[in-house]
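Participant: Pasting a structure here, questions to come.
The values are calculated or read from the model by the stated rules, or taken from the named source; none is laboratory data. All of these numbers come straight from a predicted model, not from anything done at the bench. Neighbour counts run over all protein chains shown; Cβ positions are idealised from the backbone, glycine included. Protein only, heavy atoms only, side chains kept; ligands, DNA and RNA dropped before computing areas. Shrake-Rupley method; radii C 1.70, N 1.55, O 1.52, S 1.80 Å.
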Amino acid sequence: MTQLRCIAVDDEPLALKLVETFIEQTPFLQLTASCDNAVEAMSLIREKQPDLVFLDINMPNLTGMELARLLQEQPGQVPKIVFTTAYNHYAIEGYKVNAVDYLLKPFSYEEFLRAANKVMQLTEEASNNNHHSVSADDEFIFLKVEYQWVRISFKDILYIESLKDYVKVHLDDSQKALLSLISLKALEEKMPSSKFMRIHRSFIVSLEKINAITKNSIFIGKTEITVGEQYKETFKTIVDKWLK
């Protein structure tokens, strides 16, 4: 059985113990660490690379919401987040930082398990997508769109945008954009690097569809996409070859 590696974070000892207990009695969850503050949690997340973090919101110095925003800004795979809080006015903010679910204290094991199942479902669906690899000679990729596998020609792709746990594939010739349940990082690993490049934490672009380049961005048609700081050096190498 697939297990999700979890970290529990809460500054209330009883609340932290409850989450630890719920994790330990759930067969597909594995408790890898726990702590009582968001600053330590950030270090643990970097060290342990968990799949899921049960994160309290109201904590001193650094709140759970602030930690979630910081994680979104970091390169690499961001763990799934389920917020735990005694206050019900954080739901919209939780959505903005891509939280999978929001547990309002005091919550039951049934509510906890429902949130954990949601994370497991997203993880398994993304994993199924990853099993469909492409070779360097392929001119297309299959992605799961709703309830079917759709063949997408590389030549039709303009750029790919990250939307929470999904990617939005923007296509040429007025074709409707497609939404697929897979992370941008997982899709990046499947795309041929000779044709596509990640230039921002939220965007992969088709190199042959780039119409114009400025100091800090590229244009594909009328769409401007900023080149992220951590991607500028790699992208500059490609541009230098074009401009020789």
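Participant: Please report, as a whole percent, how much of the solvent-accessible surface of the chain comes from carbon and sulfur atoms (probe radius 1.4 Å).
Facilitator: 50 percent
Participant: Would you calculate a helix-derived [θ] at 222 nm for the chain, using -39,500 (n - 2.57) for each DSSP H run of n ≥ 4 and dividing by the full residue count, to the nearest 500? Don't skip to the end; give the middle numbers.
Facilitator: Details: 7 runs with 80 residues, N = 244.
Roughly -10000 deg cm²/dmol at 222 nm, from the helical runs in the chain.
Participant: Related question: Pop out the ³J(HN,Hα) list for the stretch 142-153 in order, Karplus 6.51 cos²θ - 1.76 cosθ + 1.60 with θ = phi - 60°, rounded to Hz; leave Gly and Pro as x.
Facilitator: Once θ is set to phi - 60°, the couplings for the stretch 142-153 become 9, 10, 7, 10, 6, 10, 9, 8, 10, 7, 10, 6 Hz.
Participant: Ordering SER183, SER206 by accessible area with a probe of 1.4 Å, largest first, what comes out? Intermediate values should be presented prior to the final figure.
Facilitator: Numbers: SER183 30, SER206 0 Å².
So the residues, ranked largest to smallest area, are SER183, SER206.
Participant: In terms of solvent-accessible area of protein heavy atoms at a 1.4 angstrom probe, what is the ranking of GLU189, GLU73, GLU66, highest value first?
Facilitator: On the way: GLU189 135, GLU73 110, GLU66 70 Å².
The residues order as GLU189, GLU73, GLU66, largest area first.
Participant: With 5 Å bins from zero, work out the P(r) of the chain over every alpha carbon pair and list the percent per bin.
Facilitator: 1, 6, 13, 16, 16, 14, 12, 10, 7, 4, 2, 0, 0
Participant: Taking the Cα centre as origin and putting +1 on Lys and Arg beta-carbons and -1 on Asp and Glu beta-carbons, what dipole magnitude results for the chain, to the nearest 20 debye? Spell out each step's value before the answer.
Facilitator: Numbers: 28 positive and 34 negative charges, 180 e Å.
Rounded to the nearest 20 debye, it is 860 debye.
Participant: While we're on this one: Give LYS118/LYS190; LYS144/LYS168; LYS80/LYS195; LYS144/LYS164; LYS155/LYS215 a once-over and call out the pairs whose C-alpha atoms are over 22 Å from each other. Before the final figure, lay out the partial values.
Facilitator: On the way: LYS118/LYS190 25 Å; LYS144/LYS168 12 Å; LYS80/LYS195 30 Å; LYS144/LYS164 16 Å; LYS155/LYS215 26 Å.
LYS118/LYS190; LYS80/LYS195; LYS155/LYS215, as the Cα separations exceed 22 Å there.
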